[in-house]
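Below: one structure, written as structure tokens.
The values are calculated or read from the model by the stated rules, or taken from the named source; none is laboratory data. Fair warning: this is a prediction, and the values are worked out from it, not measured in the lab. Note: ideal-geometry Cβ built from the backbone for every residue, glycine included; neighbour counts use all protein chains shown. Ligands, DNA and RNA are excluded from the accessible area calculation, which covers all protein heavy atoms including side chains. Shrake-Rupley method; radii C 1.70, N 1.55, O 1.52, S 1.80 Å.
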Amino acid sequence: MELCDSWASLPSRKRKLQEEDEVMLNFCMEELNQDLLERVLSWLPTSTFFRLRSVCKRWKSVADSASFKLACSQIPSRDPWFFMVDPNLNKWTIFDSAERSWKKLDHPPLLRQTSACDSLPVAASGGLVCFRSESGDLVVSNPVTGSCRKLPPVHPATENQSLNAIAMSTCLKSQQSYKLVLVSGELPTLSCRIYNSDTNCWEEEISLKRKVDESQEFDSPDDNAVYFLSKAGNVVATDMQRSPSKQYSSVMSVKDGEEIAYFLSSSGTIVACNLASKWFFEYPRLLPVFYEYSIDVLECGGEMLVVLLSEFFGSASIRVWRFDEDIRSWQQIAAMPPAMSHEFHGKKVDINCVGAGNQIFICLNSAEFFSYVLCDLNTNDWVELPKCFMNGEAVEFMSAFSFEPRIEASV
């Protein structure tokens with residue numbers, strides 16, 4: 001009897017599920033109250049926010065609502081966008097990693113002004129990108145909303161020093177405050193200045209002392225020549241600097257509650273500057289100075305990594321390295337498949353890299369070709385991205401900066 005009753009109840013359950021499905025199909029977004037509608041829309045990809053105003057009047061009111069921005073700030077993370085660097089284009093070019101597509105954004109009015117028309121991106125964090133003009137002016141912008149803020153000038157004494165690095169960090173929870181760090185001087189005399197958006201001013205200059213670690217050995221050339229990374233990625237005795245778009249290449253991370261800025265020195269070593277303890281430290285070289293290679297430093301998952309393109313035994317390789325503090329040595333954590341990297345052999349390729357979460361975006365440039373590759377560190381998958389075409393021709397970008405597309409990020 002119980003078995004028969006159980007079987008008899010099945011059709012009614014099926015009808016109930018069908019009725020629920022019909023209700024869902026007939027559900028209308030307009031039935032949601034404003035607060036719930038804003039929460040639902042906040043989960044959409046950021047690229048859809050540009051179209052909210054054209055849907056209907058109610059959705060337009062959502063796009064302009066302060067409470068909608070608050071709802072967006074509750075989203076833990078968004079797939080990164082990569083801000084592509086090419087000063088010759090009259091629009092910003094973005095690679096959307098979520099949709100695997102290229103997008104064009106208009107320059108905001110402040111960056112279209114004569115004083116800022118020569119600006120190049122130099123740092124990025126959270127939902128913001130920092131630009132620097134040839135005259136040294138700094139402007140922070142949210143590329144999604146177009147909002148901008150021109151920062152107050154740095155102290156004249158700092159402007160006269162050699163600028164090594166520009167790093168940026170944001171309060172990821174609120175996206176409402178950020179810091180900008182400038183590292184200046186010549187090794188072994190370094191100093192830094194920090195801009196705090198909460199006070200809208202530069203803090204007092206900090207002198208950095210070298211941290212001595214006798215357990216580490218450092219390579220040094222036999223002669224007195226100073227070695228630099230050329231644009232093609234070669235280490236040569238010359239005064240040529242890196243590509244202008246990555247001239248101040250640097251990243252920020254937090255270790256044991258202390259902020260550390262990492263950058264490439266002119267001789268190709270990686271320098272760590274502890275802003276809390278006020279010391280700097282040079283890591284050992286991955287390769288001797290006389291080798292030809294291209295190198296870049298980046299941040300992924302809160303730690304500093306290094307990408308290195310080098311040539312051995314008639315082939316080229318691109319490898320990702322992490323410094324193991326326990327054994328005081330560099331450890332390889334990922335490598336591009338040889339079938340992909342072999343084509344770079346002998347072409348003097350320069351790499352410019354940026355990290356975003358567990359991904360690494362690499363721009364490869366030489367006189368013969370250019371390419372963009374995305375690496376997933378979790379799976380060690382390396383994918384060559386499609387070219388960006390304009391007027392039927394592929395556009396070449398020298399580098400990229402990663403940021404989270406967030407409309408709530410404040411300058």
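Some values worked out for this structure:
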quantity	calculated
Subset tally (residues that are in contact (Cβ under 8 Å) with a residue 12 or more places away in the chain and open to solvent by 20 Å² or more (accessible area, probe 1.4 Å)) for region 190-205	7
Selection status of residue 100, over 22 Å from the mean Cα position of the chain (by Cα) and open to solvent by 50 Å² or more (accessible area, probe 1.4 Å)	no
Unmet requirement for residue 351, which otherwise passes all of (1) over 19 Å from residue 123 (Cα atoms); (2) assigned to a strand (DSSP E or B)	(1)
Selected residue (criterion: modelled with the lowest pLDDT) from residues of region 106-119 that are open to solvent by 20 Å² or more (accessible area, probe 1.4 Å) and not hydroxyl-bearing (Ser, Thr, Tyr)	117
Enumeration of residues in region 276-285 that are out of contact with any Lys or Arg (no Cβ under 9 Å at 6 or more places or on another chain) and within 16 Å of residue 304 (Cα to Cα)	283, 285
Close pairs (6 angstrom Cβ cut-off, 6 or more residues apart or separate chains): free of Cβ contacts under 8 Å to residues at least 40 places away in the same chain in region 36-57, assigned to a helix (DSSP H, G or I) and aromatic (Phe, Trp, Tyr) anywhere	38/68; 52/59
Leading residue by the ranking (modelled with the lowest pLDDT) among those in region 242-262 that are open to solvent by 20 Å² or more (accessible area, probe 1.4 Å) and aliphatic (A, V, I, L, M)	254
Tally of residues being in contact (Cβ under 8 Å) with a residue 24 or more places away in the chain and basic (Lys, Arg) across region 366-410	1
Condition check for residue 52: at pLDDT below 85, among the aliphatic types (A, V, I, L, M) and surrounded by fewer than 17 Cβ atoms within 10 Å (Cβ to Cβ)	no
